[in-house]
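Reading through the structure tokens given below for one structure.
The values are calculated or read from the model by the stated rules, or taken from the named source; none is laboratory data. Predicted model only: the values in this text are computed from it and were never measured. We place every Cβ from the backbone using ideal geometry, glycine too, and count neighbours over all the protein chains shown.
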Amino acid sequence: MPTAYQILEAIAISQQNTRELQRSQQMQRLFLDKGPFGAYIKDEQSRVLYYNQELQSRFLVDAEKWLGKRDSEFLPDPEEGRRVMENDQIVLKTLQPLKLIEEVKIPGNDQPCYWLSFKFPFSDGATGDRRIGGISIDITESIEAQRSLTELNRQLAEKALELEQKKQELIYLSDMADMLYSCESEDEVYQVVALTCSKLFPNMSGCLCIISNSKNYVQMNSYWGDGKTTKEIFSQSECWALRRDKLNLLSPRNSGLVCNHLIHPVSGAHLCIPLFGEGEIVGILYIYSLEEISPEEQQIAEIVARTLGFTLNNISIKQRLTYDSLRDGMTQLFNQSYMETITEQRLAEADRSGESVSIIFLDIDNFKSYNSRYGHVTANIVIKGLAKLLLTSIRSFDIACRWGGEEFVILMPNITLENLRKRVEEIRLDVEKMQLRDGDQILEGITASFGIAVSEPGITVKNLLNRANQAMLEAKRTGKNRVREYVNTCN
């Protein structure tokens, strides 16, 4: 029979676990309710079981109004509700996540809103029933920007019919718009614009000058033509277009303001056009000509600048959405989904090249007691500190991911087993020596257990990760704070 002290101790532990569970649930609910996205849970009949404050505020409803109802019952347009429910059924039928753009009307707004929605199936841990989870992000601004770009292309097509002599110029602009729409990075955008401007203004030179992220200086990012007539790096105050937020033209027939970024002696015609992206100026399109810059050429340059601004805005939105979907919110390391995807790619490359891929699975030792001692907020400092250490301890082409909780995974391609052992042991020692602080408070140090697995031809992502995880668990079992390699006992 347990003693009274043992019973009281068990009760105290149970109460502590209950409080920790309640705190965790409160944090989860706070995250869902305060996030700038719509979140919801539905049952197998698409009846709403939960929706967060973002949806409540968008649709002007309270926390109870939609519960137990289907989308077709509360959305302003029943047809929209039917489409949403059809997508729900696809998720339940395939048991696979679904990513799509949904058009939804919001009360009090005549224009529809567009949501980038991620729907996924899961099981209720208490009942075993299937559920549909959803996260929706408002991308109306991006859709409108794309429509603006489409409208600009339409205007360019009409201009081509009206001005046959400008047909070739409009073809160049149309080609530029098509290429910009396919660009995935700002560097690609700069290359496309420089190439197009060299065709549109064959007797001129120019460049794109972009404001740095720090806002402290402007830097030339791409150039075309012969002879540079502007500084490669200068301050924003040296350009009148940036100071006044409007076009600045200096030419023999237009005695405009002389920008201080121009290289002396100043002659010919100089045109600076501000680039607007995401509601702010991000740089200038600069064009230089020995002769005058005609009103038609100036108009074309403005079209290029406007299109470039739309594109930079789209790129920024796309990169932000992509970044958020691939990263762990706390540590900014890659997340589990991305790690599984990139590991599959690396394994395919390894099979073709005859190389190998190594996986390191690591878990912080005794982290539950650490949580109990310091609390979740302080314990999160440890998670972030370890993530930062991992990023500084791996090669530029290695990939670190937060697997979940206090578990991390590192993918290391093209490394010998000897060097792998040495590198992982160095990381283990770095973790052991890591100094942790919460403000002025010095925190207790941590250790981690590491598991190593090296790929074999034909191995799956799941098996490789399982092997590394098994090795890590063996490190835990044999004393923690050590490195263990997976040993295939079947061979």
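Quick notes
- Subset of region 323-343 (residues that are closer than 23 Å to R423 by Cβ and assigned to a helix (DSSP H, G or I)): Q336, Y338, M339, E340, I342, T343
- Counting only strands (runs of 3 or more DSSP E) that sit wholly inside region 348-426, those with at least 3 residues that are β-branched (V, I, T) and under 17 Å from L464 (Cα atoms) are 357-364.
- Single residue of I233, I293, I281 found to be free of Cβ contacts under 8 Å to residues at least 60 places away in the same chain and among the β-branched types (V, I, T): I233
- D178 meets each of the listed conditions (1) within 13 Å of V304 (Cα to Cα); (2) surrounded by 12 or more Cβ atoms within 10 Å (Cβ to Cβ) apart from (2).
- Listed here are the strands (runs of 3 or more DSSP E) enclosed by region 1-110 that have at least 1 residues being surrounded by 10 or more Cβ atoms within 10 Å (Cβ to Cβ) and hydroxyl-bearing (S, T, Y): 38-42, 48-51.
- Pairs linking a residue in region 345-371 that is surrounded by 18 or more Cβ atoms within 10 Å (Cβ to Cβ) to a residue that is of a type in the set (D, E) and part of a strand (DSSP E or B), with Cβ atoms under 7 Å and 6 or more positions apart or on different chains, are D363/E407.
- Scanning region 441-486 for residues that are loosely packed, with under 12 Cβ neighbours inside 10 Å and farther than 17 Å from N366 by Cα yields Q441, I442, P457, G458, K462.
- Any hit, region 406-425, residues being acidic (D, E) and more than 23 Å from R373 (Cβ to Cβ): yes
- Taking the criterion of being part of a strand (DSSP E or B) and under 29 Å from the mean Cα position of the chain (by Cα), the residues of region 258-288 that qualify are P274, L275, F276, G277, E280, I281, V282, G283, I284, L285.
- Condition met for E73 (closer than 23 Å to D110 by Cα, over 32 Å from the mean Cα position of the chain (by Cα) and of a type in the set (D, E)): yes
- Of all residues in region 120-139, those that are within 13 Å of F37 (Cα to Cα) and not small (G, A, S) total 4.
- Condition check for R306: without any contact (Cβ under 8 Å) to a residue 12 or more places away in the chain and of a type in the set (K, R): no
- Scanning region 289-307 for residues that are outside any loop (DSSP other than H, G, I, E, B) and farther than 15 Å from L247 by Cα returns S289, T307.
- Test: residue in region 252-261 that is surrounded by fewer than 19 Cβ atoms within 10 Å (Cβ to Cβ), modelled with pLDDT of 90 or more and in the same structural domain as E151 (by TED's automatic domain parsing): yes
- Residue within region 196-212 that is in the same structural domain as H261 (by TED's automatic domain parsing), touching a Cys at 6+ places or on another chain (Cβ under 8 Å) and surrounded by fewer than 18 Cβ atoms within 10 Å (Cβ to Cβ) present: no
- Conditions (1) assigned to a loop (DSSP other than H, G, I, E, B); (2) surrounded by 17 or more Cβ atoms within 10 Å (Cβ to Cβ); number of the one not met by D226: (2)
- Inside region 347-381, residues that are within 23 Å of S325 (Cα to Cα) and modelled with pLDDT under 90 make up a count of 2.
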